[in-house]
Amino acid sequence: MATVLYHLGRVAFRWRWFVTLLWVAVLGAAGFAASKAPATADEGFTMPGIESQKAFDLLEHRFPGSAADGASARIVFVAPSGEKVTAAENKKAIEHLVDEAADGNQVASAVDPFQAKAVSRDGTTAYATVIFKAKADDLTDTSKQHLTHAIDGARDAGLTVEVGGDALASPPSAGGAAEVVGIAVAAMVLLITFGSLAAAGLPLLTAILGVGVSMAGIMALSEAFNLSESTGTLATMLGLACGIDYALFVVSRYREERGKGHAPAQAAGLAAGTAGSAVVFAGLTVVIALAGLSVVGIPMLTKMGLAAAAAVLVSVLVCLTLVPAVLGFWPNAVLSRGARRNSRRYRRKQRKDDNGGSRWARIVVRRPLPVLLLGVVGLGAVAMPVMDLQLGMPGDEAKPTSTTERRAYDALAKGFGPGFNGPLTVVVDGKGSAAPKAAVATVAKDIKATDGVVSVSPARFNSAGDTAVFSVTPSTAPTDEKTKDLVTAIRGERPGIESKAGASFEVTGKTALDIDVAEKVQAALVPYLAVVVGLAIVLLLLVFRSLLVPVKAAFGFLLSVLAALGSVVLVFQQGHGADLLGVESTGPIMSMMPIFLVGIVFGLAMDYEVFLVSRVRESYVHGDAAKQAVVSGFRHSARVVVAAALIMMAVFSGFIGASESLIKMIGFGLAIAVLFDAFVVRMAIVPAVLSLLGDKAWYLPRWLNRLLPDIDVEGEKLSRKIPAPTGPDPDPDDRPLAEPVPIRS
């Protein structure tokens, strides 16, 4: 692989105009396709294989045409202090709003709260429901402004009016200014690392182009594959972070090869063959982990994983082709000022053996056991909150109080009880019953007698009269554990109730669906984690040709991902430090977040493992003693790995400013996971373990050595084929520096 990538790098360097224009053309074509693509069709959230989904499917079959595909707005009215909404002036203002809202061009119906008995017992709160003929994305500005004008009229009358639903909901923001700050921090880290504006700008430039191609492609295919905005945001997050890091490793290796005296084209080829090989492997681990999310069986998670995997794949292709091509335009610009001037002072500085990485490695090698114990115990302590992990799908209650949706949720909970925002839907199938109405009445009566049920609505039958649906209002909030216990209790009583009524029933609704999704994800989390860890061991066995190094890497990955999940629980569920991140409401962790985090962190952990340990193994293979190989490997790679980790953290932290809970959680989770994995696991635990193992770390049985293919990520065969530089290349592209200058990576 290293030889193939070497030739690819040289070709891209020589044919730089063609390669660059080709990528620009790809970006233009993808952008044109995105601009012409139709809007995404919202097919709703589906979850095969759970009771809630089966009940939804039964409803669609038995109640054809009853599904409300249009947007909705639940308008909540709260009377001024000391008054009631039933007062003459307040009632008049509410009825006027309903009448005015009903006149909208795209409005299907507007329900008066006084006719629908949608008034709280104390008379302080009421709500009206407005249903539109079109979906939220298809509502015209005129329709929205018409409803907003009617709402403003009720507010002018002295009522507090808030709006829930999706009709007027503000679209989620990705990260805003925080995302820009993250990119700025990444640029600063690159500048400090390389000491060159060109070297710092090149990874940013190529990464942004790669993200542009990925996002344009996702937008172009969004309608065909029903890709949501969250899908694109996560693809941007990973594409940008991986694109910068991968280009960083290639540019760093290019500078190192130039320092050894290799000509520009030769150095570009060697960088692509060595660091590029590691990029291919690291990128494939991310792609495999993300694509593997499809085995969980959650369509939304599958789409998010595949879109993000495609973005990472584009980043790898950009790194292997566009980065060498751009280096061809300015072969010396990416070098530091000292290297370009070839100053005597610079050469003396570069001949020193020590740098921050080697000095740190010596400290760890001298005291490996205390460092190992401190790292393991520390991460274990941070991971402890995982034991209290609660999964769910937070709704409007998780939004900031600055949003009208959150205020509407709070007003309804205060006026009608906490369970009003999350009613359960019971579907009774009486098709085989002799008396369907009597059977439905029996089911409703028994469910109403269950502890935790506040009320049961009248049943609504289909046209055939053999299927009915009614709502059950719990006494607790949708995300409360007692609500989950209630759903479990109702389903647990089902055999006795069905036997008594002579009809079957199923519990569904948004609250029950969220509970079922959480249980399915939680059940899939451990098997998926086992698959990912097993995959890590196999992949690293192929790369490092060692038995103990892969096992060590897998346990390190487990520590970092569990510590990251523990931190997420600590902040987003338990509320410690939530205010600092702008988290106004704590509660269950988004159901899909942990399993998605596992897949992403796996790929990132393997990135650092490959880039760091491959240099250690390279030093060991070339004759260094086991402990000295650790020091030598860190001297060449620690600085770049630290820079890459800081860049990842900066980019991911930028998404903590997102308004959508899932994006905010994943941004924080990934940033903290990179912190733990890069700085605790890879920079402390890894050298400590390698030092304690010594030569045993690189042991591989002969029979297994013969069976495994030789991937050669370090480019050992390539280094043997490419002779040391002895003079300038006749090709003008291959003019070396005046004198070989060793450049620290």
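Overview of results
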read-out: Check on A477, over 19 Å from K117 (Cβ atoms), modelled with pLDDT under 90, surrounded by fewer than 22 Cβ atoms within 10 Å (Cβ to Cβ) and within 36 Å of the chain's Cα centre (by Cα); value: yes
read-out: Hits in the range 192-226 - residues which are small (G, A, S) and modelled with pLDDT under 80; value: G195, S196, A198, A199, A200, S222, A224
read-out: Test for A268: is it out of contact with any strand residue (DSSP E or B) (no Cβ under 9 Å at 6 or more places or on another chain) and under 29 Å from A553 (Cβ atoms); value: no
read-out: From the options A282, A267, residue that is modelled with pLDDT of 85 or more and either outside any helix (DSSP H, G or I) or surrounded by 24 or more Cβ atoms within 10 Å (Cβ to Cβ) (or both); value: A267
read-out: Residues (of a type in the set (S, T, N, Q), closer than 13 Å to D451 by Cα and outside any strand (DSSP E or B)) located in the range 467-501; value: S475, T476, T483, T488
read-out: Where a residue in the range 620-648 is more than 17 Å from V185 (Cα to Cα) and its partner, wherever it lies, is surrounded by 24 or more Cβ atoms within 10 Å (Cβ to Cβ) and charged (D, E, K, R), with Cβ under 6 Å and at least six apart; value: G633/R615; H636/R615; S637/R615
read-out: Matching entry among S120, S81 (being among the polar types (S, T, N, Q) and touching a residue at least 12 places away in the same chain (Cβ under 8 Å)); value: S120
read-out: Flag if A518 is touching a Ser or Thr at 6+ places or on another chain (Cβ under 6 Å), within 14 Å of V427 (Cα to Cα) and in a helix (DSSP H, G or I); value: no
read-out: Out of A169, A174, sole residue that is within 30 Å of A136 (Cβ to Cβ), more than 22 Å from the chain's Cα centre (by Cα), at pLDDT below 80 and not in a helix (DSSP H, G or I); value: A169
read-out: Qualifying residue in the range 584-601 (condition: buried (at least 20 other Cβ atoms within 10 Å of the Cβ), of a type in the set (F, W, Y) and over 29 Å from A398 (Cα atoms)); value: no
read-out: Selection status of F505, aromatic (F, W, Y), touching a residue at least 12 places away in the same chain (Cβ under 8 Å) and outside any helix (DSSP H, G or I); value: yes
read-out: The one condition in (1) under 25 Å from G415 (Cα atoms); (2) touching a residue at least 24 places away in the same chain (Cβ under 8 Å) that V111 fails to fulfil; value: (2)
read-out: Those helices (runs of 4 or more DSSP H) lying entirely in the range 626-745 with at least 3 residues surrounded by fewer than 19 Cβ atoms within 10 Å (Cβ to Cβ) and modelled with pLDDT under 80; value: 716-721
read-out: Pairs with Cβ under 6 Å, 6+ apart, first in the range 182-202 and farther than 16 Å from L646 by Cα, second surrounded by fewer than 17 Cβ atoms within 10 Å (Cβ to Cβ); value: A198/W330; A198/A333
read-out: Filter result for L379 (aliphatic (A, V, I, L, M) and either under 22 Å from V454 (Cβ atoms) or under 30 Å from the mean Cα position of the chain (by Cα) (or both)); value: yes
read-out: Unique residue being out of contact with any Gly (no Cβ under 7 Å at 6 or more places or on another chain), among the polar types (S, T, N, Q) and closer than 25 Å to Y608 by Cβ when the list is T321, T285, T274, T302; value: T321
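The values are calculated or read from the model by the stated rules, or taken from the named source; none is laboratory data. Just so you know, these numbers come straight off a predicted model, no measurement behind them. As a convention, Cβ positions derive from the backbone with ideal geometry for all residues, glycine included, and neighbour counts pool all protein chains shown.
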